[in-house]
Amino acid sequence: MQKKAQLRTIEKPTYLLESVDNALRLLQMLRDLGVLRLTDAAQELGIAPSTAHRLFAMLMYRGFAVQDEKRGYHPGPAMGAGPAQRGWTREFNDLCRPHMEALSMLCGETVNLVIRVGTQVRFLSSAESTQVLRVGDRQGQVLAAERTAGGRILLAELPRDVLAQLYLRPAADDQALRVDRRLPPDEFDALVRDLQAAKAVGFALNVQQTEEGVAAFGVAVRNRSGRAIGAISVSVPITRYQQHSRGPLVAQLKNAVRELEVDVADIQP
């Protein structure tokens with residue numbers, strides 16, 4: 001007769017590694033609270049802010065945390081049930097999905113839904129093309145926002161001062177305060193000009209910036225109040241980029257977004 005496994009209390013190990021324990025406690029706090037400030041985390045762990053910064057830097061490097069424009073830390077994609085699996089994003093994805101599939105059938109290319117968290121975009125889902133030569137499913141990927149079509153059109157919604165917080169490298173280039181996407185002034189100004197141009201025409205482009213041989217077109221998705229809550233992008237093989245840039249794809253994309261915005265009008269992140 002087989003005995004049932006009995007649960008027992010797990011005691012703190014005698015060989016406790018403090019730095020590892022602090023990192024794991026940070027992960028638990030991110031999981032349970034959703035957003036953390038550096039000073040709050042340091043106070044909770046009883047460590048110096050500089051130590052907390054180094055721990056967060058490692059979590060970001062490994063994909064367990066992402067940072068927003070207000071320097072808050074959020075759960076990253078490596079957390080498993082990251083931002084795309086909770087709250088409004090699930091409903092947002094479900095409402096967008098039928099429109100994405102219809103657009104993919106219409107244009108013959110892969111359609112993606114993305115949201116922005118700080119300087120990164122999270123691909124919530126993809127409606128993959130059925131063509132032999134196609135861009136694959138991007139669900140779950142996290143990429144630099146300024147390099148993706150969906151990320152660029154969402155960044156284009158931000159005022160210059162917020163973009164500066166995210167991307168402008170300070171004159172006093174303190175390594176301890178630098179975030180991963182900081183740019184020198186000339187590159188930052190060029191980025192702002194590109195984003196302004198994208199906002200003016202209503203869509204953004206990514207031509208082989210995230211992957212060789214792939215281009216993409218992105219349009220922001222807004223709720224009833226006019227806030228951009230995500231973006232729809234269409235990814236195409238570079239061999240069909242010129243065909244689509246001169247064809248009806250952008251108009252089809254914008255029309256699909258207008259239709260799906262009716263369904264997501266009440267979404268409030």
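The values are calculated or read from the model by the stated rules, or taken from the named source; none is laboratory data. Remember, predicted model here, so these are calculated numbers, not experimental data. Here Cβ is always computed from backbone atoms with ideal geometry, including for glycine, and neighbour counts include all displayed protein chains.
Computed values, structure above
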| read-out | value |
| --- | --- |
| Any hit, region 35-56, residues being modelled with pLDDT under 85 and either under 18 Å from GLY118 (Cβ atoms) or in contact with an Asp or Glu (Cβ under 6 Å, 6 or more places away or on another chain) (or both) | no |
| Scope region 131-160; condition in contact (Cβ under 8 Å) with a residue 12 or more places away in the chain, surrounded by fewer than 17 Cβ atoms within 10 Å (Cβ to Cβ) and out of contact with any strand residue (DSSP E or B) (no Cβ under 8 Å at 6 or more places or on another chain); matching residues | GLN131, ARG160 |
| Positions within region 25-68 being assigned to a loop (DSSP other than H, G, I, E, B) and either more than 20 Å from the chain's Cα centre (by Cα) or buried (at least 18 other Cβ atoms within 10 Å of the Cβ) (or both), in sequence order | GLY46, ILE47, ALA48, PHE64 |
| Members of region 239-264 found to be of a type in the set (Val, Ile, Thr) and loosely packed, with under 14 Cβ neighbours inside 10 Å, listed by number | THR239, VAL262 |
| Where a residue in region 223-239 is without any contact (Cβ under 8 Å) to a residue 24 or more places away in the chain and in the same structural domain as GLY136 (by TED's automatic domain parsing) and its partner, wherever it lies, is part of a strand (DSSP E or B) and of a type in the set (Phe, Trp, Tyr), with Cβ under 9 Å and at least six apart | none |
| Selection count where residues are closer than 19 Å to ALA256 by Cα, assigned to a loop (DSSP other than H, G, I, E, B) and hydroxyl-bearing (Ser, Thr, Tyr), scope region 83-129 | 1 |
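Conditions tested, residue by residue: (1) modelled with pLDDT under 90; (2) under 17 Å from VAL207 (Cβ atoms).
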residue	(1), (2)
ILE115	no, no
GLN120	yes, no
SER125	no, no
GLU128	no, no
GLN131	no, no
GLY136	yes, no
ALA144	yes, yes
ARG147	no, yes
LEU154	no, no
